[in-house]
Amino acid sequence: MEALHGAVGRQPAAVEPRDFGRPRRLSGERRERVARAVRTALPELEAQLGHLLRRMVRSELGAIGELSIDGYFSTLPDPLAVLTFRAGGHPAWIVWESAAAVACVEQVLGAPEPKPLERALSAMERSILERVLRLTAERLCAALGLSNSHNAVPAKREQLGTWRDAGERADPHRVSLELLLDVGGLKSTQRIYLPTNEFLEADETAAPLPRNAPLPGHLDDVRVEIAVQLGHTELPLADLLALEVGDVIPLDTTSNTPVTLRADDRRFAFGDLGSRRGRLAVRLREVSTETKGDRDD
């Protein structure tokens, strides 16, 4: 009776809808690895976008899916706001809502009241949009271990290219990532389409790392310097030489922006500033074991 009474009122577990007409190629483990890598890259992307757009930027990873990109662009309404680029040598795209793209371009140009209107962009505005979307492409490709090149915002639909442009290795299957953005209160979604076979090849060649593997005994006493990076900025050489005691240097970050943790000059975690027992401290938010592309040049 107690068991039956405890079962009353329980809600069934949510079941993820699945369209079996669209087969998945990525394992659940690989999808989770992709999600962790993308979330780790978001704080730095927020800082870079905020610096360029001069607005507070917040981002969140939405749905991760898979689809065939064949014929997809014929379904998109005009005007288009799309970045074309190469990820791992394959065609890839970022599709942004036109109204949000227009408003962000106007913010970069210094408009006092940017208006989220759906309209075609001029050549100069497309070059600015390319700078904005290229940040997303570069940060996500770096986090996922993919090369990035040939960024452009085409003016015409026929300039978007197709999956067939990859040649003999061409494959229409793509991993789709939703990036939910909040730019100074303006909310929008960027949809990123990356080549699926690049993730599959990475799975086949990468040796799995054991979690929490015990440290070899001879390394127990090795000391590693951990650095916490609050932010960075760029100064002209003349301004740098003119610095005096008491001068204030503004950083490209805010008080609630996650800080970056580095070991041996490699980024390995993000955290939030706080205090513990009267001392400055960092609470870890994201920890990543992937180090490819993390070292500064």
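Every read-out reported here was derived from the displayed coordinates using simple, explicitly stated rules and does not represent laboratory data. The structure presented is a predicted model; accordingly, all values stated were derived computationally and were not measured. Note that each Cβ is placed from the backbone with ideal geometry, even for glycine, and that neighbours are counted across all protein chains shown.
Miscellaneous remarks
- Each of the peptides 56-63, 118-125 was scored by the mean count of other Cβ atoms within 10 Å over its residues; in descending order, highest first, they stand as 56-63, 118-125.
- For segment 136-181, applying the loop criterion from DSSP together with a ceiling of 15 other beta carbons within 10 Å to the trypsin sites (Lys or Arg not before Pro) yields 156.
- Least to most buried among 173, 150, 218 (fewest other Cβ within 10 Å first): 218, 150, 173
- C-alpha center-to-center spacing [segment 140-200, segment 33-62] in angstrom: 16
- Theoretical gain in end-to-end length, residue 56 to residue 227 [0.36 nm per residue, Cα-Cα removed]: 59.0 nm
- Across segment 78-89, coupling constants 3J(HN,Hα) worked out from phi with the 6.51/-1.76/1.60 Karplus curve, θ = phi - 60°, read 7, x, 8, 10, 10, 9, 9, 7, 10, 10, x, x Hz, and Gly and Pro carry x.
- Karplus-derived 3J(HN,Hα), 6.51/-1.76/1.60, for each residue of segment 146-152, Hz, glycine and proline x: 10, 6, 9, 7, 6, 7, 7
- Only alpha carbons enter this Debye calculation for segment 28-205, each as an equal point scatterer, and the log10 of I(q)/I(0) it gives at q = 0.14, 0.18 Å⁻¹ is -0.72, -1.20.
- Computed extension length for residue 122-residue 244: 39.5 nm, one decimal, from 0.36 nm per residue of separation with the Cα-Cα distance subtracted.
- Stretch gain in nm, segment residue 76-residue 159, where the contour uses 0.36 nm per residue and the Cα spacing is subtracted: 28.5 nm
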